[in-house]
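The values are calculated or read from the model by the stated rules, or taken from the named source; none is laboratory data. In this text the structure is predicted, and so the values were computed from the model without any measurement. We place every Cβ from the backbone using ideal geometry, glycine too, and count neighbours over all the protein chains shown.
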Amino acid sequence: MSKILIIEDETIISFGYRLQLERMGFDVIGTARSSAEAEEILARERPDLIIMDIYLKGEKNGLELAQELHANDPIPIIFLTASTKPEIIEAIHRLKDCQYLAKPINSDSLEDMLQRFARQHQ
């Protein structure tokens with residue numbers, strides 16, 4: 001697993017994730033701020049993993065986008081969210097091959113989760 005798409009509405013946060021992932025040796029194939037931007041990238045390229053915020057700009061949130069994606073292609077997703085609402089956490093767990101990390105993200109936690117995903121999908 002090496003190709004990652006970042007879907008995060010805050011540009012500075014997205015940039016920080018990109019730098020961190022590239023330092024870990026991952027190929028970031030793109031960043032999107034909204035579900036529409038993400039869909040444009042996904043129409044051209046398939047990542048091995050998506051890192052996505054729950055709250056995005058545009059008409060769909062991250063959970064809605066993930067549910068649509070998984071109806072056709074269950075790409076693994078790591079949600080990064082500040083939300084601790086039980087209904088959001090339950091919705092993430094209902095999606096196949098999805099995990100979440102609570103914001104603010106600890107770089108060691110993100111790296112550990114990425115390594116686990118990489119081992120599971122070899």
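Details
- Any hit, the stretch 50-65, residues being hydroxyl-bearing (Ser, Thr, Tyr) and in a loop (DSSP other than H, G, I, E, B): yes
- Criterion (loosely packed, with under 13 Cβ neighbours inside 10 Å, farther than 24 Å from Arg46 by Cβ, modelled with pLDDT under 90 and small (Gly, Ala, Ser)) met by exactly one of Ala82, Ala102: Ala82
- Among the candidates Leu114, Leu56, Leu42, residue that is modelled with pLDDT of 95 or more and within 13 Å of the chain's Cα centre (by Cα): Leu42
- Ile88 vs. criteria of a type in the set (Val, Ile, Thr), in a loop (DSSP other than H, G, I, E, B) and over 16 Å from Ser107 (Cα atoms): no
- Checked against (1) more than 13 Å from the chain's Cα centre (by Cα); (2) on the phi < 0 side of the Ramachandran plot, Leu69 meets all criteria but (1).
- Out of Ser109, Ser34, Ser2, Ser14, one residue alone is surrounded by fewer than 18 Cβ atoms within 10 Å (Cβ to Cβ), over 10 Å from the mean Cα position of the chain (by Cα), among the hydroxyl-bearing types (Ser, Thr, Tyr) and farther than 19 Å from His121 by Cα. It is Ser34.
- Of all residues in the stretch 104-122, those that are of a type in the set (Gly, Ala, Ser) have Cβ atoms under 7 Å from Cβ atoms of residues that are in a loop (DSSP other than H, G, I, E, B) and modelled with pLDDT under 85, 6 or more apart or on another chain, in Ala118/Met1.
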